[in-house]
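Beneath this line is the structure, given in structure tokens, with notes to follow.
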Amino acid sequence: MSIKVTWYGHACIGLEVGKYRLLVDPYLSNNPLAAATPDQLSPDTILISHGHGDHVGDALTIARRTGAQIISVFEICSWIQAQGYANVHPQHIGGGFHYPFGYLKLTLALHGSAMPDGSYGGNPCGFLLTSEGKKIYLAADTGLFYDMKLIGEEGIDLAMLPIGDNFTMGPDDALRAVKLIQPARVVPIHYDTFDLIRQDPHAWAARVAAETQTTPVVLAPGDSLSV
Ligand code: NI
Ligand code: MN
């Protein structure tokens, strides 16, 4: 069975694994490029990579409506519980857990992670999902780091990498990331949402195609692909 991956804009990603629906970094209601509103999505699981508003987004609103379990680093799960929402599963970087939808490991990310109210959010993370015989790496907000090579050694079918620059890797470093990870396919994310992160994803994809063995896939918000 394949995994359906939908990019809703910015860093918000939907993953459909069999009957399970995961939603990553659900920044929708304040996102000018969002391809869905919070009430249109009904995930059973929500992943939060770090505490910034453009990633926590509508997580609590959606979770309170659907009862979704929120998975994140320990500190963010504690913050979620402090907001009065109990259904969380804390993990931390390097740790994986076997869920009904697959094995989810938290990965290193070089970034910040204060919560929207200024609370401590711990370390930011990315996600590595192993399911249906496939591996999907969601780097989340991060700068380039050489240990991406270690993640790549697992054999990545799809990587979703930020290319926006300013807050995360820009096009040059994201291209270097592709060379370290060597995924079968790569999707650029975290660009064009704000003026500070305007990029040309097609120009970047052309460089990926010319300089690596990876197939670049440029999605429009709302587009899906199967892994
Ligand atoms: Ni951020
Ligand atoms: Mn961000």
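Of note:
- Annotation note: of ALA184, ALA177, ALA209, ALA159, the sole residue that is more than 14 Å from ligand 2 (Cβ to nearest atom), free of Cβ contacts under 8 Å to residues at least 12 places away in the same chain, in contact with a Ser or Thr (Cβ under 9 Å, 6 or more places away or on another chain) and of a type outside the set (Asp, Glu) is ALA209.
- Candidate set: segment 122-144, residues that are hydroxyl-bearing (Ser, Thr, Tyr) and away from ligand 1 (no atom under 12 Å from the Cβ); chosen: the one surrounded by the most Cβ atoms within 10 Å (Cβ to Cβ): TYR137
- Of all residues in segment 37-61 being part of a helix (DSSP H, G or I) and over 13 Å from the mean Cα position of the chain (by Cα), the one that is nearest to ligand 2 (Cβ to nearest atom): GLY53
- Residues satisfying the stated conditions in segment 76-104, i.e. crowded, with 19+ Cβ neighbours inside 10 Å and not in a strand (DSSP E or B): ILE76, CYS77, TRP79, ILE80, PHE101
- Of residues in segment 127-156 being touching a residue at least 60 places away in the same chain (Cβ under 8 Å) and in a strand (DSSP E or B), the one nearest to ligand 2 (Cβ to nearest atom): LEU138
- Here is the figure for segment 187-202: residues that are touching a residue at least 12 places away in the same chain (Cβ under 8 Å), farther than 29 Å from LEU150 by Cβ and assigned to a helix (DSSP H, G or I) total 2.
- Test: residue in segment 62-71 that is within 16 Å of ligand 1 (Cβ to nearest atom) and under 19 Å from the mean Cα position of the chain (by Cα): no
- Hits in segment 105-121 - residues which are in contact with a strand residue (DSSP E or B) (Cβ under 7 Å, 6 or more places away or on another chain), more than 18 Å from MET169 (Cβ to Cβ) and crowded, with 22+ Cβ neighbours inside 10 Å: LEU106
Each reported figure results from applying straightforward, stated rules to the coordinates on display, with no laboratory input. For clarity, every value in this text was computed on a predicted model and none was experimentally measured. When we count neighbours, we look across all protein chains shown, and the Cβ atoms used for this are built from the backbone with ideal geometry, even at glycine.
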